[in-house]
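A short write-up of the structure that comes next.
The values are calculated or read from the model by the stated rules, or taken from the named source; none is laboratory data. Computed from a predicted model, the values in this text were never measured in an experiment. Glycine gets a Cβ as well: all are built from the backbone with ideal geometry, and neighbour counts include every protein chain shown. Ligands, DNA and RNA are excluded from the accessible area calculation, which covers all protein heavy atoms including side chains. Shrake-Rupley method; radii C 1.70, N 1.55, O 1.52, S 1.80 Å.
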Amino acid sequence: MASCTDRLPSETAAEVRELLERATTADGVAPVSEQAVLSLTAVTPARHLVDIRDGRVAGYANLTPAHGEHPAMAEVAVDPPARGQGIGAGLVAAALSAGGPGARVWAHGDLPPARAVAARLGLSVSRELWQMRRGLANQELPELRVPGDLELRTYAGPSDDAELLRVNNAAFAWHPEQGGWTERDIATRRTESWFDPKGLFIAVDPADPARILGFHWTKVHYDEDPNIGEVYVVGIDPAAQGRGLGRLLTLAGLHYLRERGLGEVLLYTEGDNTAAVHTYTRLGFTRFHLDVAYSAAS
């Protein structure tokens, strides 16, 4: 049976990390998100369900509690040697029960075993997250032209954090994972090995340079071979919509990633976000991978 806790002992967190690495190698896709991995050792609202068999971690579920209008979200992984024993289905059922009404569970890659568990538990698709990709090395990029009423710069340090948080939380108020960030969320990512202040682009109005209009946070996945870039977060102040900032900032990041010698770039977007899909498609992105959130029938 899985036990549920707000904090994991360091030894258990290390075992879970190793399990996640084995699952990623076996499936070709990470079973949980970056946010879930960070929560193994950071103080976050996430709860942890651990299934221990014969003294070892055999399965793990990460549960982000419901907040505001956003339902609880779970992510589940089972150690490859321990599969076929009902551990995954048990963790999914336990996480959805602990999450309360409307709780959802991610199936990263929507692999056949995840679909089988969803069918067994009578779950239905409630959300789709697309991973889109495009090449950089041998594909043309539109020229980057910054209008005269905008200024484009890079991250100046923690002095930018308050404005970044304001824009992020306004832009993603609807988003279960990205909305509601705190200073700790930025500080944690700033300590990650991939963080580069030159890859965090910020748009301001020269007439009011202290107020951020939008930003594009890029990322490089050094754990991939070859390395691959990411359009990590593009956030636009709702009050600045309609000025072409999304395309401008995305393009600035793409030029930067190409200058870093990266041959490919990825991004994530909601499958039903028609405007974002349209923008990224026009910039040469195509759908590469699908994550699906399942929930119990209402």
Computed about the Cα centre, the charge dipole of the range 156-298 from +1 Lys/Arg and -1 Asp/Glu charges at the Cβ has a magnitude in debye, to the nearest 20, of 380 debye
How would Glu140, Glu183, Glu75 line up by accessible area, probe 1.4 Å, largest first?
-> Glu140, Glu183, Glu75
Which percent of the Cα-Cα distances in the chain go past 26 Å?
-> 48 percent
Over the chain, average the accessible area per residue using a 1.4 Å probe and give it in Å², no decimals.
-> 49 Å²
Any chance you could tell me what percent of the C-alpha pair distances in the range 1-142 go past 18 Å?
-> 55 percent
Sites Glu224 and Ala14, calculated FRET efficiency, Cβ-Cβ separation with R0 25 Å, nearest 0.05 = 0.65
Rounded to the nearest 20 Debye, what is the dipole magnitude of the range 141-199 about its Cα centre when Lys and Arg each give +1 and Asp and Glu each give -1 at the C-beta?
-> 60 debye
Degrees, to the nearest 10: 10-27 long Cα axis against longest axis of the chain = 80 degrees
Of Phe285, Phe172, which has the most accessible area with a 1.4 Å probe, and how do the rest follow in descending order?
-> Phe172, Phe285
Would you rank Ser193, Ser295 by solvent-accessible area, highest first, keeping every protein chain in place and using a 1.4 Å probe?
-> Ser193, Ser295
If you put +1 on each Lys and Arg Cβ and -1 on each Asp and Glu Cβ, how big is the dipole of the chain around its Cα centre, in Debye rounded to 20?
-> 420 debye
Round to the nearest 10 and give me the degree value, 0 to 90, for the angle of helix 87-99's Cα axis relative to the longest principal axis of the chain.
-> 70 degrees
Hey, what do the phi angles of the range 188-205 turn into as Karplus ³J(HN,Hα) couplings, whole Hz, using 6.51/-1.76/1.60 and θ = phi - 60°, x for Gly and Pro?
-> 4, 6, 5, 8, 6, 4, 7, 5, 9, x, 6, x, 10, 8, 10, 10, 9, 8
Against the longest principal axis of the chain, how steep is helix 161-171, in degrees 0 to 90 to the nearest 10, with axes from Cα atoms?
-> 70 degrees
CD proxy at 222 nm, helix term only [per DSSP H run n ≥ 4: -39500 (n - 2.57); per residue of the chain; nearest 500] = -9000 deg cm²/dmol
Could you check how much of the accessible area of the chain is carbon and sulfur, as a whole percent, using a 1.4 Å probe?
-> 51 percent
How much of Thr188 can a 1.4 Å solvent probe reach, expressed as accessible area in Å² and rounded to 10?
-> 40 Å²
